[in-house]
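The values are calculated or read from the model by the stated rules, or taken from the named source; none is laboratory data. Every value quoted in this text rests on a predicted model; they were computed, and no experiment measured them. Neighbour counts run over all protein chains shown; Cβ positions are idealised from the backbone, glycine included. With ligands, DNA and RNA removed, areas are computed over all heavy atoms of the protein, side chains included. Shrake-Rupley method; radii C 1.70, N 1.55, O 1.52, S 1.80 Å.
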Amino acid sequence: NAGVTQTPKFRILKIGQSMTLQCTQDMNHNYMYWYRQDPGMGLKLIYYSVGAGITDKGEVPNGYNVSRSTTEDFPLRLELAAPSQTSVYFCASSYTTPDRGRWEQYFGPGTRLTVT
Amino acid sequence: KQEVTQIPAALSVPEGENLVLNCSFTDSAIYNLQWFRQDPGKGLTSLLLIQSSQREQTSGRLNASLDKSSGRSTLYIAASQPGDSATYLCATLLGGTSYGKLTFGQGTILTVHP
């Protein structure tokens, strides 16, 4: 299993440009997440999905959009990039036991985005 | 809203020392708590996961404890090595309909010098 993969690894955007961060998992997990990590900080949740076709906002969704057409893929779209979106973006997927008593998340390697 | 705080923000120790990293959280209704390691410029590696019904978990030189009632977890690293230098993050998963969403602390930057 490749686990959770993200592309690109690095990207520099100009203010106002748009881009899509790709995330794919091959573990057949229903749950997927996008987090951002600013320097010296922990991770904050942007969006999450509980299955194909179902997404919802996290703590910091403004300026982003997501879609989930398949179990494997969960792309994050940045429209009209702003310097405040300079960050490291992590995608994660999760499984849970049938009684939801146990959850464990697996993280991708991250995408470093700079908006100038 | 869950708040997770890690103390200290940074720690520098000589090789061989035993050390403790602290994590506190405001909402004790958690499903589990995870400790992660993050190397500079890299992703997150899960170190230990403690279920809400457990008091501690051990892996090699690492031991994590959980006290839900007081809203605290500690990560104990025995006989530290320079290779342990990294940022350590703790994260909680709330119960109910949290759908696996984690709340992270800001991390402790650990430096172990030879």
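General observations
- Within the stretch A:71-89, residues that are among the charged types (D, E, K, R) have Cβ atoms under 6 Å from residues that are outside any loop (DSSP other than H, G, I, E, B) and open to solvent by 60 Å² or more (accessible area, probe 1.4 Å) in these pairs: A:Arg77/A:Asn65, counting only partners at least 6 apart in sequence or on another chain.
- Put simply, of A:Gly53, A:Gly58, A:Gly3, A:Gly16 the only residue that is at pLDDT below 95, open to solvent by 20 Å² or more (accessible area, probe 1.4 Å) and on the phi > 0 side of the Ramachandran plot is A:Gly53.
- The stretch B:38-57: number of residues that are under 18 Å from B:Gln106 (Cβ atoms) and surrounded by 18 or more Cβ atoms within 10 Å (Cβ to Cβ): 4
- Filter result for the condition that a residue is assigned to a loop (DSSP other than H, G, I, E, B), closer than 25 Å to B:Leu89 by Cα and among the acidic types (Asp, Glu), over A:Glu59, A:Glu104: A:Glu59
- Residue count, the stretch A:19-30 (criterion: open to solvent by 80 Å² or more (accessible area, probe 1.4 Å) and either basic (Lys, Arg) or closer than 20 Å to A:Arg112 by Cβ (or both)): 1
To keep it simple, each residue is scored yes or no on (1) within 14 Å of chain A (Cβ to nearest Cβ); (2) touching a helix residue (DSSP H, G or I) at 6+ places or on another chain (Cβ under 6 Å); (3) acidic (Asp, Glu).
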| site | (1), (2), (3) |
| --- | --- |
| B:Asn22 | no, no, no |
| B:Ser28 | no, no, no |
| B:Arg37 | yes, no, no |
| B:Leu44 | yes, no, no |
| B:Ser52 | yes, no, no |
| B:Thr74 | no, no, no |
| B:Asp84 | no, no, yes |
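- Boolean, A:Thr71 is away from chain B (no Cβ under 13 Å), open to solvent by less than 50 Å² (accessible area, probe 1.4 Å) and in contact with a His (Cβ under 8 Å, 6 or more places away or on another chain): yes
- Matching entry among B:Gly60, B:Gly16, B:Gly96 (being open to solvent by 40 Å² or more (accessible area, probe 1.4 Å), out of contact with any strand residue (DSSP E or B) (no Cβ under 8 Å at 6 or more places or on another chain) and under 26 Å from A:Ser49 (Cα atoms)): B:Gly96
- Segments classed as strands (runs of 3 or more DSSP E), wholly inside the stretch B:1-101, with at least 3 members that are under 12 Å from the mean Cα position of the chain (by Cα) and among the hydroxyl-bearing types (Ser, Thr, Tyr): B:72-77, B:86-94
- Whichever residue in the stretch A:10-34 is among the hydroxyl-bearing types (Ser, Thr, Tyr) and touching a residue at least 60 places away in the same chain (Cβ under 8 Å) and, among such residues, is nearest to B:Tyr88 (Cα to Cα): A:Tyr33
- Scan of the stretch A:64-100 for residues that are over 13 Å from the mean Cα position of the chain (by Cα) and assigned to a loop (DSSP other than H, G, I, E, B), ordered by number: A:Ser69, A:Thr70, A:Thr71, A:Glu79, A:Leu80, A:Ala81, A:Ala82, A:Thr86, A:Thr97, A:Pro98, A:Asp99, A:Arg100
- Single condition A:Ala81 does not satisfy, out of (1) more than 14 Å from chain B (Cβ to nearest Cβ); (2) surrounded by fewer than 16 Cβ atoms within 10 Å (Cβ to Cβ); (3) hydrophobic (A, V, I, L, M, F, W, C): (2)
- Annotation: of all residues in the stretch A:31-50 being part of a loop (DSSP other than H, G, I, E, B) and either touching a Gly at 6+ places or on another chain (Cβ under 9 Å) or modelled with pLDDT of 95 or more (or both), the one that is least open to solvent (accessible area, probe 1.4 Å) is A:Gly42.
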